[in-house]
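Below is one structure; the comments refer to it alone.
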Amino acid sequence: MSERIFIGVGWPYVNGPPHIGHLAGAYLPADIFARYHRLKGNEVLMVSGSDRHGTPTTIRAEQEGKTPSEISDRYHKLFVEAWQKLGITWDLYTSTGTANHAAVTHDIFLTLLKKDYLYKATTSQPYCPKCRRFLPDRYVEGTCPHCHDTGARGDQCDQCGKPLGAAELVNPHCRTCGTAPEFRQTEHFFLKLSAFQEQLKAWVKQQSHWRPSVLNFTLGFLEEGLHDRAITRDIDWGVSVPVPGFENKRIYVWFENIIGYLSASKEWAQLKGDPEKWRDFWQKECKSYYFIGKDNIVFHTMNWPAALMGYGGLNLPYDVPANEYLTIKSKKVSKSRNWQVYVLDFLSRYDPDPLRYYISINMPETSDTDFSWDGFIRRNNDELVATYGNLVNRVLTFTYKNFDGTVPQPGELDAPARDLLKKAEDTLGEVDELIHGCHFREATRTAMSLAQEANRYLDEKAPWKSIKTDKHQAGTSLYVAMVAIAQLKTLFAPFLPFSSQKVHDYLGFSGSVADEGWRWQELPAGQKLVEPKALFVKLDPKLAEEEAGRLGQETGH
Ligand SMILES: [Zn+2]
Ligand SMILES: [Zn+2]
């Protein structure tokens, strides 16, 4: 029976180009998941967009002497280009800069206000006497009171993931000029998170299918007790506050961007010419998954569910499979030190599937994992080229040449042949279950183990030798290997969409591999093959050093 699957993916700040940390944290797992569910015949809606607002963008703009709008336009285009080149299959990738998003945000704001879940209060906020302005969020930096990291900011500590208020920072200082701020009174709207404490706790306790890291982190927070949070800021860039007297303030980006999941769904429905269609994913039976990095957990397991509970009538998250971090050569990525690998730069020299593969098999699902150029080249050469690519290439090239470019007619299958086909069938079931449970790393390994098994079978049968004495037997072995390959193109379709499509074509199937469904692929004897080309390119291990040398260098980003 077909299901409805909503996939919301964290909204990236567009204050810099997309990097592989974005990919590993949220975008690749979400795309694998979306592709898989579409293959399963489920109805999928996957949305996200660029977060144009927030202090990361205004800070960048000030540094460059540009407007926040110019900065976010520039990087939004790069994100769109990266998604297209990587094959990320959005139903809609929009931005928080649309009139639709502002309208949906205002509706949620005003509804929560009417229901008394928002209230006005005077609060003490850091103010820089030298810059003569309030210092919202990232404009103030200091030491984290929880983990003592010195790079904590007025909105949160990236090191330990805890949200912070500016007043909690130890040794706070203005990011722009370094002056210690004074605290001044200012009026803001607060979200009454405390009102949802018990309701959230009861709900979270039911989510035994969540990743233990996400569940425990959230429960830990709820145990400490939720504090009401200010959801407006003294800033002039962002979605306006729909209340008189607040013309000079804006809605806080972390209240506003998560509403993007709903506004993007409405925009998608409008663009589809079926404006009420969003309701299928928000008001009818549907499982909602939110793919994010671990630094965004609180917003998705508490703040957004609280806003949804308060608003009423909309589906709560079903799962929030937050990933840990991808480090580079065991160091935390850093934009300021340029310790980062940028997606478009990467794709200017390498194909998308090897990158998708390396990140999939190395995905930071349960702990931080490390990206290294050595690791990338080794996985590419040993696994994609020598295992999967070689299997496809030697079987299809040899068959194409020796069997008139068609799938050979098999004879009776012996025990090793039956074993391999059984393994292929089992693998289809195992990978199905693994992706369904968001275990993408294990799913990639399991699929690759079928390619290894098929290589062992071929080595044992050696059809390139037996063809000289018994062409029929050689044809049977090749046929069996090709049936395994036909399953591999399905197994790898969510991970390696470009090469799966090639294998699909080489095997003589028409149309798109994405339309074939997640099922056993029959391979009719006599089907006309297409002459295959190498699936993957072997890379010179020396490249690793050259690439690693670029890290930490100025690239102009
Ligand atoms: Zn901390
Ligand atoms: Zn200052």
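The values are calculated or read from the model by the stated rules, or taken from the named source; none is laboratory data. Model, not experiment: these values are computed from the prediction. For neighbour counting, all protein chains shown are included, and Cβ atoms are generated from backbone atoms with ideal geometry for every residue, glycine included. Keep in mind that these areas ignore ligands, DNA and RNA; they rest on the heavy atoms of the full protein, side chains included. Shrake-Rupley method; radii C 1.70, N 1.55, O 1.52, S 1.80 Å.
Quick notes on this one:
- The strands (runs of 3 or more DSSP E) falling completely within region 78-164 that include 2 or more residues that are in contact with a Phe, Trp or Tyr (Cβ under 9 Å, 6 or more places away or on another chain) and within 25 Å of N15 (Cβ to Cβ) map to 92-95, 118-128.
- Only one of K468, K489, K422 that is in a helix (DSSP H, G or I), open to solvent by 10 Å² or more (accessible area, probe 1.4 Å) and free of Cβ contacts under 8 Å to residues at least 40 places away in the same chain: K422
- Scanning region 229-239 for residues that are in contact (Cβ under 8 Å) with a residue 60 or more places away in the chain and more than 29 Å from the chain's Cα centre (by Cα) returns D234, I235.
- When each of G225, G220 is tested for being of a type in the set (G, A, S) and either open to solvent by less than 20 Å² (accessible area, probe 1.4 Å) or within 27 Å of E365 (Cβ to Cβ) (or both), the lone residue that passes is G220.
- Residue in region 77-88 that is of a type in the set (A, V, I, L, M), buried (at least 21 other Cβ atoms within 10 Å of the Cβ) and touching a strand residue (DSSP E or B) at 6+ places or on another chain (Cβ under 6 Å) present: no
- If only residues of region 143-173 that are touching a helix residue (DSSP H, G or I) at 6+ places or on another chain (Cβ under 7 Å) and within 16 Å of ligand 2 (Cβ to nearest atom) are counted, the one that is farthest from Y252 (Cα to Cα) is P172.
- Leading residue by the ranking (most open to solvent (accessible area, probe 1.4 Å)) among those in region 159-181 that are within 20 Å of R233 (Cα to Cα), more than 30 Å from the chain's Cα centre (by Cα) and within 13 Å of ligand 1 (Cβ to nearest atom): E168
- Residue within region 103-116 that is more than 16 Å from ligand 2 (Cβ to nearest atom) and closer than 30 Å to I32 by Cα present: yes
- Condition check for I251: crowded, with 20+ Cβ neighbours inside 10 Å and under 18 Å from L118 (Cα atoms): yes
- Index of the failed condition, T143 passing every other in (1) within 9 Å of ligand 1 (Cβ to nearest atom); (2) exposed (fewer than 14 other Cβ atoms within 10 Å of the Cβ); (3) in contact (Cβ under 8 Å) with a residue 12 or more places away in the chain: (2)
Table: residues versus (1) within 16 Å of ligand 1 (Cβ to nearest atom); (2) among the basic types (K, R); (3) within 21 Å of G312 (Cβ to Cβ); (4) touching a residue at least 12 places away in the same chain (Cβ under 8 Å).
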| residue | (1), (2), (3), (4) |
| --- | --- |
| Y93 | no, no, no, yes |
| D107 | no, no, yes, no |
| L110 | no, no, yes, yes |
| L113 | no, no, yes, yes |
| T123 | no, no, no, yes |
| R132 | no, yes, no, no |
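- Taking the criterion of being touching a strand residue (DSSP E or B) at 6+ places or on another chain (Cβ under 6 Å), open to solvent by 10 Å² or more (accessible area, probe 1.4 Å) and among the hydrophobic types (A, V, I, L, M, F, W, C), the only residue of region 34-63 that qualifies is V44.
- Any hit, region 361-372, residues being more than 25 Å from T444 (Cα to Cα) and in contact with a strand residue (DSSP E or B) (Cβ under 9 Å, 6 or more places away or on another chain): no
- Restricting attention to region 122-137, the residues being β-branched (V, I, T) and either open to solvent by less than 70 Å² (accessible area, probe 1.4 Å) or within 16 Å of ligand 2 (Cβ to nearest atom) (or both) number 1.
- Cβ pairs under 9 Å, 6+ apart, first in region 157-175 and closer than 16 Å to D368 by Cβ, second more than 13 Å from ligand 2 (Cβ to nearest atom) and basic (K, R): D158/K332; Q159/K332; G161/K294
- Residue match in region 482-502 (condition: among the small types (G, A, S) and within 18 Å of T406 (Cα to Cα)): yes
- Of residues in region 198-216 being within 23 Å of H227 (Cα to Cα) and outside any helix (DSSP H, G or I), the one nearest to ligand 2 (Cβ to nearest atom): Q207
- Whenever a residue of region 176-197 is touching a residue at least 12 places away in the same chain (Cβ under 8 Å) and part of a strand (DSSP E or B), its partners that are within 16 Å of ligand 2 (Cβ to nearest atom) and of a type in the set (D, E), lying with C-beta atoms within less than 7 angstrom and at least six residues away or across chains, give the pairs T186/D234.
- F498 being without any contact (Cβ under 8 Å) to a residue 40 or more places away in the chain, open to solvent by 10 Å² or more (accessible area, probe 1.4 Å) and touching an Asp or Glu at 6+ places or on another chain (Cβ under 9 Å): no
- Y119 vs. criteria aromatic (F, W, Y), exposed (fewer than 15 other Cβ atoms within 10 Å of the Cβ) and touching a residue at least 12 places away in the same chain (Cβ under 8 Å): yes
- Test: residue in region 338-350 that is open to solvent by 40 Å² or more (accessible area, probe 1.4 Å), of a type in the set (F, W, Y) and at negative phi: no
- Positions within region 518-529 being open to solvent by less than 50 Å² (accessible area, probe 1.4 Å) and either within 8 Å of T490 (Cβ to Cβ) or in a helix (DSSP H, G or I) (or both), in sequence order: W518, Q521
- Number of the exception - G411 against (1) outside any helix (DSSP H, G or I); (2) within 30 Å of A195 (Cβ to Cβ): (2)
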